[in-house]
Every structure is written in C-alpha cells, then in structure tokens.
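Structure record follows, encoded as structure tokens.
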Amino acid sequence: MSMRLVAQGIAVAAFVSMLHSGYSAREYLLYSKSVGRQDLSLPIEIVLECLVSLAVMTVALVVGVGKLKPISYEAEMKRYSIDGVFSRPSFQVFNHRGRYLRPLTLFEDRTAYGIPVKCSRHPELNKYILDVVSTIKVELEKVCYRTRAPDTPCHLVDS
C-alpha cells in the first residue's frame, strides 16, 4: 500500500472524527438546554476530539499530497514556447466566446497590424475609444520621452 493511500485513509478517519465531535457538541448543547443548565460550555473531551481530529487531518493531508510541482518562473516558462507566450490566447478565447454575447451587426471585420479584429460601427463608441486612446497616447509619450536616450526616437503608432 502506498503512503498516499494510507494518508488519505487517515485523513478520512480524522474527518469522520471531526464530524462526530460536531455531532456530540450539538447533542450536548441540546441536552443542556432541555435540562435547563445555564452554563453551555462544551466538555473538554469534545473540544479535544475536534482539535486532535483537525491536527491529524492536517498532517495526513500534507503528507498525502505527494511531490509538489515547482512554482518558480523558470520552471513555468519551460512549458511554453516564445510563440505561445506572446500569442495572447486569453484574448482569442474571449473573441471566440464573445461573438455570442453581442449582435453580429454591431461590429465589422477589419485587420490591424496583420491581425483580424472586430471594429465597432457605433459612432459614439468609436469617439469614446478614440478619446481614451489619444489620452493614453499623450501620457505614453511623456513616459517615453523621460525614459529614452536623447538621440533615440519615440516609437508610438499614430492614430
């Protein structure tokens, strides 16, 4: 039998023991109320059963997890190629799913930088987007002029 199966069995037993302590606490409180006791504190046996069950279950779950995967940046990047990192799949998934969230007549197909995109046909939305982009462009130019070398031009795309 593997260590993982033993740890999972112990965790299940500890969980059942914790459920038992909860049930015992409920029954004790119901009995205390029916008898008319004013002190409704739990007996130490129930509290200890709950705490020991929690400790045993925690240790069993930690032991039974198995080998942990590395979480370093280098280990994560070994799984991806450079094409996969810069392809922005989350946008593609949204674009794929997003077409069912809006009427097809609101957008038209265009190409920007060799990538097919949807452009809005609504003039007020287009004006708002143009205002936002022009504002961001002004702020980006300020940052670009502060951070570039004096003889290097700032490469921002004109609208």
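The values are calculated or read from the model by the stated rules, or taken from the named source; none is laboratory data. It should be emphasised that the depicted structure is a prediction, and the values quoted were computed from it without experimental measurement. Cβ coordinates were reconstructed from backbone atoms using ideal geometry, including for glycine residues, and neighbour counts include every protein chain displayed. Keep in mind that these areas ignore ligands, DNA and RNA; they rest on the heavy atoms of the full protein, side chains included. Shrake-Rupley method; radii C 1.70, N 1.55, O 1.52, S 1.80 Å.
Just a few scattered comments:
- Of all residues in the stretch 8-27, one or more are over 31 Å from the mean Cα position of the chain (by Cα) and of a type in the set (Phe, Trp, Tyr).
- Residues of the stretch 110-142 satisfying the condition of being open to solvent by 90 Å² or more (accessible area, probe 1.4 Å), in contact (Cβ under 8 Å) with a residue 12 or more places away in the chain, outside any helix (DSSP H, G or I) and not charged (D, E, K, R): 122
- Residue within the stretch 56-73 that is surrounded by fewer than 10 Cβ atoms within 10 Å (Cβ to Cβ), hydroxyl-bearing (Ser, Thr, Tyr), under 21 Å from the mean Cα position of the chain (by Cα) and at pLDDT 60 or above present: yes
- Checking each residue in the stretch 41-55 for being surrounded by 14 or more Cβ atoms within 10 Å (Cβ to Cβ) and within 24 Å of residue 10 (Cα to Cα) picks out 46, 49, 50, 52, 53, 54.
- For the stretch 3-40, the set of residues classified as open to solvent by less than 60 Å² (accessible area, probe 1.4 Å) and not in a helix (DSSP H, G or I) consists of 36 only.
- Checking residue 87 against (1) modelled with pLDDT under 70; (2) surrounded by fewer than 10 Cβ atoms within 10 Å (Cβ to Cβ); (3) under 24 Å from the mean Cα position of the chain (by Cα), the condition it does not meet: (2)
- Number of residues in the stretch 52-67 that are among the hydrophobic types (A, V, I, L, M, F, W, C) and touching a Phe, Trp or Tyr at 6+ places or on another chain (Cβ under 9 Å) equals 1.
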